[in-house]
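What follows is a short report on a single structure.
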């Protein structure tokens, strides 16, 4: 439910023109992103399907398919490979932290949850400094780690959306607060940024 609320708020922000610099990174019209967010939220209200041990909803599949589509077809090959490496690194980090938490009996951290989504989203932003690639890395790393522990696709819906959204909102916030005149902070922020 929280994931659907977050996506709805992001859709309204895009509609109002807030975070325009973040939307530019996707390379698609704002209306397309709004419709995509609405489709993910709407389709997730359809009761999930179960085939054997696998449980999924259409909204969750659309979320993962969207992230994979942008990874495979969007941007330069170099940036897509870097994004894939970042996703693998974040997946390994998240998997290791969940396993260690389970080993030491920390119940709150022994499964992928909202806190993991927030942390992974912040790390994805710091490593990519790009809305699209941060969103991809956040969503796919949370999804991949969750699927290692459970075949229920719906379990990672909210943490994955939170991870992708945190990366996008952090970029929009930092770029809005960036000094307009040249500065050392602005220089270092733009230098390591993944641009297509």
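Observations on the structure shown:
- Taken together, the criteria place residue 140 among residues that are under 15 Å from the mean Cα position of the chain (by Cα), part of a helix (DSSP H, G or I) and crowded, with 24+ Cβ neighbours inside 10 Å.
- Residue 145 passes every criterion in (1) more than 12 Å from the chain's Cα centre (by Cα); (2) surrounded by fewer than 16 Cβ atoms within 10 Å (Cβ to Cβ); (3) assigned to a helix (DSSP H, G or I) apart from (2).
- Every residue from segment 156-176 that is without any contact (Cβ under 8 Å) to a residue 60 or more places away in the chain and within 15 Å of residue 20 (Cα to Cα): 167, 170, 173, 174
- Filter result for residue 174 (surrounded by fewer than 24 Cβ atoms within 10 Å (Cβ to Cβ), out of contact with any strand residue (DSSP E or B) (no Cβ under 8 Å at 6 or more places or on another chain) and modelled with pLDDT of 90 or more): no
Quick grid of which residues meet (1) in contact with a strand residue (DSSP E or B) (Cβ under 8 Å, 6 or more places away or on another chain); (2) surrounded by fewer than 16 Cβ atoms within 10 Å (Cβ to Cβ); (3) farther than 15 Å from residue 141 by Cα:
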position: 57; (1), (2), (3): yes, no, yes
position: 64; (1), (2), (3): no, no, no
position: 68; (1), (2), (3): no, yes, no
position: 73; (1), (2), (3): no, yes, yes
position: 77; (1), (2), (3): no, yes, yes
position: 80; (1), (2), (3): no, no, no
position: 83; (1), (2), (3): no, no, no
position: 92; (1), (2), (3): no, yes, no
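The values are calculated or read from the model by the stated rules, or taken from the named source; none is laboratory data. All values derive from a computational prediction rather than experimental measurement. Methodologically, a virtual Cβ is constructed for each residue, glycine included, from the backbone with ideal geometry; neighbour enumeration extends over all protein chains shown.
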